[in-house]
2 protein chains.
Amino acid sequence: MNVLVIGGDGYCGWATSLYLSSRGHEVTIADSLVRRDWDREHGLDSLVPIASTRRRIDEWLRLTGRTIGFAAIDVTDYDALCATISAAEPDAIVHFGQQRSAPFSMIDREHAVRTHLNNTVGNMNVLWALRERAPDAHLVKLGTMGEYGTPNIDVEEGFITIEHNGRTDTLPFPKQPGSFYHLTKVSDSDQILFACRAWNLRATDLNQGIVYGTRTEQTTLSAALANRYDYDHIFGTVLNRFCVQAALGHALTVYGSGGQTRSFLDIRDTVRCIEIAVTNPVRPGEYRVFNQFTEMFGIGGLAERVAKVAAAMGAEVPIAHVRNPRTERESHYYNCVNTNLRALGLDPTPLSDETIAGLIELAREHRDRVDLRLIPPRVEWRDGAPVCGGTSAVA
Amino acid sequence: MNVLVIGGDGYCGWATSLYLSSRGHEVTIADSLVRRDWDREHGLDSLVPIASTRRRIDEWLRLTGRTIGFAAIDVTDYDALCATISAAEPDAIVHFGQQRSAPFSMIDREHAVRTHLNNTVGNMNVLWALRERAPDAHLVKLGTMGEYGTPNIDVEEGFITIEHNGRTDTLPFPKQPGSFYHLTKVSDSDQILFACRAWNLRATDLNQGIVYGTRTEQTTLSAALANRYDYDHIFGTVLNRFCVQAALGHALTVYGSGGQTRSFLDIRDTVRCIEIAVTNPVRPGEYRVFNQFTEMFGIGGLAERVAKVAAAMGAEVPIAHVRNPRTERESHYYNCVNTNLRALGLDPTPLSDETIAGLIELAREHRDRVDLRLIPPRVEWRDGAPVCGGTSAVA
C-alpha cells in the first residue's frame, strides 16, 4: 500500500516508516523536523545519536534497496500538505506529526498555544486535505490513552453504551485529559469523528499507551538507522527514563506515591499495530478506535522491576519518590479494554526483564551522552515553578 | 460586582452588558469588534441598525448615568487581555468573545481554522490570564447546547453518572458536536474543566440553547442602544429568520423535514441567566455546567407557529422544506435537563405569540433593510457547494 507517514522522522514515526517499508509498503515521510528544533530549544538530545533524515533514508536504500520518499513540509502549511498528498496518492495517511509531550504543553502559555496550534490546526488541515485531495484514503491517527484520564469504570475502545433513565445509546467514551497536550488529542478525536460522519471520511484513531524501547529489527541494522531515545523530563517516557537512571546508578525517580497505573507497549508492537490498522481499513464514514497498548503497570511497581533487573546487572539503585509535578490521581481504579488490535492479529510483546536489561545496556553504552540535570521534572502543572524556558538554550 | 464582558458588543453580549449595568454591576466590555468585520466581509448586516460601540456606551451613560468601560482588545492578544483584566479587577469574567456561527465555520478550511483559532486560543488565553492575573475571578463561559448533539438518552447538565460492569463514576457528558464551530465549544469546555482541576480556577459553563428575540428592557430605551438582529444564513438563528421571512410574506424555509428538535430561550432570559451565574459563583476548583435554555421546540412546529401568528397579522406564508445543508439527524429523541438555573431563581419567559408578533412587527419596520438573497442556506456541510466567499463582498 501507499502510505504517507506524517511525522515520520520522530520516535514512533521513524520506527514505523522503516517497518512499513520493510513489509513492502510504499512509504513517504512528511515531516517538518520541528521536533529536532524543540530539542535544541530546550537543550535536549536523544541518548542515542540520530542521523539526519536524508542520511537515514539513504542508508535504508543502501541496505535494503527500498526507497522512502521525504517531503520536508509542516502539517500546519495547508498548501504544502495538499501538494504532498496529491503527489503521494496515499491509500493510508498515518498521522504522528504532533507535539507529543504533556510537560512541553504545560511549560507556559506560549508552549500550550504552540502545542494546540501545531496539533489541532494540523489535524484540521489533514481532514480538509483528505476531503479535498484523497477522500478515499484511510486516516490512521495517533491519539493517546491519556485522553481517557483515570475514570472509575472500565475504559472501552472509543465508545460506551450508556443506559440512562430507561433509554440507551452508544456514545463517545467520556474523556478527562490531564494537560494541554492531552486536550489537543481529545479535540483531534472529536474532529475526526465529525469529519467521518459529515464527509464520509474513514479513520482509525489509535489511543496509544506509553511507548517504551527504541530498537526494532529495522533500526538496529545500522547506526545511521538508529531511533531516538528520549530520557529527559520533557520528552522522556517513564520506563525509558528509569533505565537511563539505572544505567548511571542513579535513583529511579517516581512522581509522587507511584500509585498511578498506566497503559504501556513496546515500540516493536507500536509498529505492528500501525500496520494492522493500515492493512485493515474501515469503510467510508466509519470512525474506529483502538486502544493501542498491551499491558498496564503501576509506576511504583515498574520502578521496582527496573531496580531488580539493574541489581542483577550489578547496579543497586534506590527508588526515590519526588514531588509529583502533575495534577493527577495517585491512587485510582484503572482497567482498559484492548481487544480490537488482538482480534486483528496483534501478538503482544510483553515487557520482559531482557527488554529492560537491553535498555539499561544501551544507556550504559551511551552514558557519556547523558545529562542528569535534564531528568528531574521542572515543569509544574499547578504552581508555575521555574521552568526550562526557551530563552537560554537555543543552539 | 465588577464584571468584564468579553464580546460585549455582540448579540447576547451587548444585551447582557446593559442588563448587568442596569442591575448595578460595574461593567467593562472587551471586544475587538471583529464581528462587525465579518458582517462586512460576507456582505451581511443587522436587520436593526446598530450604533458604534462608543456611541452605544455614551448613550447609556446619558440615559442612565451608568458608566460602561470599553477595551477594544482581541482575546487572542494575550498581553492586551492581561492588561485589561489587571485594570478591570473583575469578580467575574463573562466570555462571549467567540465566533458563534456553525455555517461560518463550515464555509471552507480557512473559516474553520479561523473559528478554531479565535475561539480556542482565545479560551486558552482567558484561562492562562485568569491564572496569572485574577485566579479568584469566576469565569462565566458561553457554551452551546449543540455540544451534546442529539443523543438517544436524556442530556444532563455537563456530567452523567455511568454504571458500567458493576462500577460507577460521574463523568463529563459525552459530546457529539456537529460543526467545526461546535467542536471549538467542546474543546473550550474540556480546557475549562482541566483548568479548574489543575489550577483551582472557578468556572460556570453555560450550554446555551438557540436565542431568539433581540429587544430587552434596556436595548429599547433608545435607537442608539438597539441590539443587532441577524437574519442571514450565516448568523441568523432560526426563529428570528422565520419572523423576517413572515414579515416579507416569504415562505418560511425549514431545513429538511423539520423533525429536528432544539433548545431555545428568549434573549431576555439570556441576560437573566448570566446575572444568576455571576451572582452565584462556584467555589475555587469547581467547574459547573448549566444547560441554559427554557423550552424545546421542533423546527417544523416552530415554523407552523410563526405561520399561524403571521396569518393573524394578515400575512399568509407557506412553509417550504429546503434541502438540509447540514449533516444532522432529522428524526431523533431529544430531552435535555435544565433545572440548575431554575433552582437559582430563573423564572422563564416562555415563547408567546406576542413575542413572535413583536419580531414580525420589528422586521416589518425594517423591511427595506432586508436582503432576501442572504437567507437561503449557501454553506453546505458535505458537498462543498458554492459558498458566500469572502472575496466578493468586502466593504
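If we scan region A:123-135, do we find a residue that is within 11 Å of chain B (Cβ to nearest Cβ), open to solvent by 10 Å² or more (accessible area, probe 1.4 Å), outside any loop (DSSP other than H, G, I, E, B) and closer than 28 Å to B:Val126 by Cβ? Taking every residue of region A:123-135 in turn, at least one turns out to be within 11 Å of chain B (Cβ to nearest Cβ), open to solvent by 10 Å² or more (accessible area, probe 1.4 Å), outside any loop (DSSP other than H, G, I, E, B) and closer than 28 Å to B:Val126 by Cβ. Please find, among B:Ile50, B:Ile57, the residue that is in contact (Cβ under 8 Å) with a residue 12 or more places away in the chain, more than 18 Å from B:Lys141 (Cα to Cα) and under 21 Å from the mean Cα position of the chain (by Cα). Only one candidate passes the filter, namely B:Ile50.
What number goes with the only condition from (1) at the interface with chain A (Cβ under 9 Å from one of its Cβ atoms); (2) under 22 Å from A:Arg382 (Cα atoms) that B:His138 does not pass? Among (1) at the interface with chain A (Cβ under 9 Å from one of its Cβ atoms); (2) under 22 Å from A:Arg382 (Cα atoms), the lone unmet condition for B:His138 is (1).
Residues of region A:96-122 that are under 29 Å from B:Ile107 (Cα atoms), surrounded by fewer than 23 Cβ atoms within 10 Å (Cβ to Cβ) and facing chain B (nearest Cβ under 8 Å): A:Val113, A:Leu117, A:Val121.
Among the residues of region A:127-141, those that are touching a helix residue (DSSP H, G or I) at 6+ places or on another chain (Cβ under 7 Å) and either within 17 Å of A:Asp77 (Cα to Cα) or small (Gly, Ala, Ser) (or both) comprise A:Leu127, A:Trp128, A:Ala129, A:Arg131, A:Glu132, A:Arg133, A:Ala134, A:Ala137.
Residues of region A:250-282 that are open to solvent by 20 Å² or more (accessible area, probe 1.4 Å), outside any helix (DSSP H, G or I) and within 30 Å of A:Asn200 (Cα to Cα): A:Asn280, A:Pro281.
Residues in region B:17-68 that are open to solvent by less than 60 Å² (accessible area, probe 1.4 Å), over 17 Å from B:Asn227 (Cα atoms) and of a type in the set (Asp, Glu): 1 in all. Return the residues of region B:39-73 that are closer than 23 Å to B:Ala83 by Cα and of a type in the set (Val, Ile, Thr); say none if nothing qualifies. Within region B:39-73, B:Thr53, B:Ile57, B:Thr67, B:Ile68, B:Ile73 meet the criteria. Checked against the criterion of being without any contact (Cβ under 8 Å) to a residue 12 or more places away in the chain and either over 30 Å from B:Arg323 (Cα atoms) or in a helix (DSSP H, G or I) (or both), region B:241-249 contains not a single residue that satisfies it. Of the residues that sit in region A:146-155 and are of a type outside the set (A, V, I, L, M, F, W, C) and within 8 Å of chain B (Cβ to nearest Cβ), which one is farthest from B:Thr161 (Cα to Cα)? In this case the residue turns out to be A:Asp154. Residues that are more than 9 Å from chain B (Cβ to nearest Cβ), in contact with a helix residue (DSSP H, G or I) (Cβ under 8 Å, 6 or more places away or on another chain) and open to solvent by less than 10 Å² (accessible area, probe 1.4 Å) number at least 3 in the following strands (runs of 3 or more DSSP E) confined to region A:159-209: A:202-208.
Among the residues of this structure, A:Gln208 does not count as one that is more than 15 Å from the chain's Cα centre (by Cα) and among the polar types (S, T, N, Q). Taking every residue in region B:94-114 that is in contact (Cβ under 8 Å) with a residue 12 or more places away in the chain and pairing it with any residue that is acidic (Asp, Glu), at least 6 positions away or on another chain, the pairs with Cβ-Cβ distances below 9 Å are B:His95/B:Asp188; B:Phe96/B:Asp31; B:Gly97/B:Asp31; B:Gly97/B:Asp74; B:Gln98/B:Asp188; B:Ser101/B:Asp230; B:Met106/B:Glu380. Counting the residues of region B:288-305 that are charged (D, E, K, R) and under 17 Å from B:Asp154 (Cβ atoms) gives 1.
The values are calculated or read from the model by the stated rules, or taken from the named source; none is laboratory data. None of these values were measured; they are calculated from a predicted model. Reconstructed Cβ throughout: ideal geometry from the backbone, glycine too, with neighbour counts over all protein chains shown. The area values use the complete protein model at the heavy-atom level, side chains included, leaving out ligands, DNA and RNA. Shrake-Rupley method; radii C 1.70, N 1.55, O 1.52, S 1.80 Å.
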